[in-house]
Amino acid sequence: MKVIKTIEELRPIIKAWRKEGQSVGLVPTMGYLHEGHKSLIVKAAAENDRVVVSDFVNPTQFGVNEDLASYPRDIARDARVCEEAGADLIFHPEPEEMYFRDSCTFVNMGKLTEGLCGKTRPTHFQGVCTVVCKLFHIVAPDKAYFGQKDAQQLAVIRRMVRDLNFDIEIVGCPIVREEDGLAMSSRNTYLDDAERAAALILHKSLMLGKEMIGQGEHDAAKIKEAIMQNIKSEPLARIDYVEIVNPDTMENVDTVEGAALIAMAVYIGKTRLIDNIVIVNDKNKCRLL
Ligand code: AMP
């Protein structure tokens, strides 16, 4: 697997592919790849002639007291995963390659980034939008692949692409879970055995919400309250947020009709985990998207 560290090396490779008329898919990641990332890469490989995986722990999307330094990294292992999944190369720059010391241009978004994760992580989406915007300019892909695991990020990127007229198709991919329901995440490696067991409360609570909606409960406040009570029954869990929102606008809904996103961030010990489901509730039929 080719691991490219500089923009200067990457651009001619992509130009050569383009000259041959090949399509390019991009899968942006922060590395320490798992089956969730792999599913994105496999899909990208099926839909494009060439696939670039970016593997970059982006410092600008971490807050000052967050886990930038301890975030897990293993480029050799990531290279093996990319090879298996059908990627053509990994773009793995150093922070100095991506950001000038005096960089002062950032991509900011209003409303969509104010709630949910944006509330606790006020600078996070500025970092995400800026780095994704840069990657879009560097790689200029036809399609870019993002996981539904980060539902707000997916909505934010879709909006950025629309608002800034990127000629890139954003492909959303379903959440890959462990057998017991825990959403796969690089941060799951922080969990000890007791925390790993406790972390199941996220998925279980989402399933409780789905069950309530399936049984005819449409009042978002009631569903949210039941979910929060359920999470509170787990002693190692501390709620950051539970929200029921429109999946495109991230605005709160009062009644669950049509598509609704139930999203949460919960600390298990010191580890902040996120999870979500999209419920489609129409004509008295309730299903997961
Ligand atoms: P990350 O490396 O955590 O920044 O994630 C890179 C991409 O992989 C993002 O688009 C994530 O939404 C996606 N992703 C992470 N975990 C999962 C998962 N369990 N299932 C599907 N996609 C995922």
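The values are calculated or read from the model by the stated rules, or taken from the named source; none is laboratory data. Bear in mind the structure is a predicted one, so any value in this text is a computation, not a measurement. Note that each Cβ is placed from the backbone with ideal geometry, even for glycine, and that neighbours are counted across all protein chains shown. Just the protein is used for accessible areas: all its heavy atoms, side chains included, with ligands, DNA and RNA removed. Shrake-Rupley method; radii C 1.70, N 1.55, O 1.52, S 1.80 Å.
Is there a pair in K119/K232; K204/K270; K111/K149; K2/K270 whose C-alpha atoms are over 30 Å apart, and which pairs would that be?
K2/K270
Give me D for segment 186-278 in µm² s⁻¹, whole number, from Stokes-Einstein with Rh from the Kirkwood sum over alpha-carbon pairs, 10 °C and 1.306 mPa s. So the translational diffusion coefficient is about 118 µm²/s. Across segment 76-85, computed HN-Hα scalar couplings (Karplus, 6.51 cos²θ - 1.76 cosθ + 1.60, θ = phi - 60°) run 5, 5, 4, 4, 5, 4, 5, 4, 4, 7 Hz from first to last residue, x flagging Gly and Pro. Between E169 and K143, A144, the built amide H atoms are under 5 Å apart, and every one of these is 5 or more places off in sequence or on another chain.
Bridges between two residues of the chain, per DSSP, are antiparallel at a rate of about 60%.
Here E169 and A259 are evaluated by their C-beta separation; at R0 = 22 Å the FRET efficiency comes out at 0.65. Phi-derived couplings, Karplus 6.51 cos²θ - 1.76 cosθ + 1.60 at θ = phi - 60°, listed residue by residue for segment 130-145: 5, 5, 5, 4, 5, 4, 4, 6, 6, 8, 6, x, 7, 9, 10, 10 Hz, with x used for Gly and Pro. For segment 24-74, what log10 I(q)/I(0) values come out of the Debye formula at q = 0.30 1/Å, with one point per alpha carbon and no solvent? For segment 24-74, the Cα-only Debye profile gives -1.11.
Report the equivalent ellipsoid semi-axes for the chain in whole Å, largest first, defined as the square roots of five times the eigenvalues of the gyration tensor built from alpha carbon atoms.
Output for the chain: semi-axes of 33, 21, 19 Å.
Per residue, the chain exposes 49 Å² of accessible surface when a 1.4 Å probe is rolled over the protein heavy atoms with every protein chain present.
Taking only protein heavy atoms and a 1.4 Å probe, the accessible area of the chain is 49% carbon and sulfur. L154 sits with roughly 10 Å² accessible to a 1.4 Å probe, with DNA, RNA and ligands left out of the calculation. When the convex hull of its Cα atoms is viewed from all sides, segment 2-173 shows a mean projected area of 9.6 nm².
Helical content of the chain, expressed as a calculated mean residue ellipticity at 222 nm, amounts to -11000 deg cm²/dmol (DSSP H runs of 4 or more residues, -39,500 (n - 2.57) each, divided by residue number, nearest 500).
For segment 37-115, the set of chymotrypsin sites (Phe, Trp or Tyr not before Pro) satisfying both a DSSP loop assignment and a count of at most 10 other C-beta atoms within 10 Å is given as F100.
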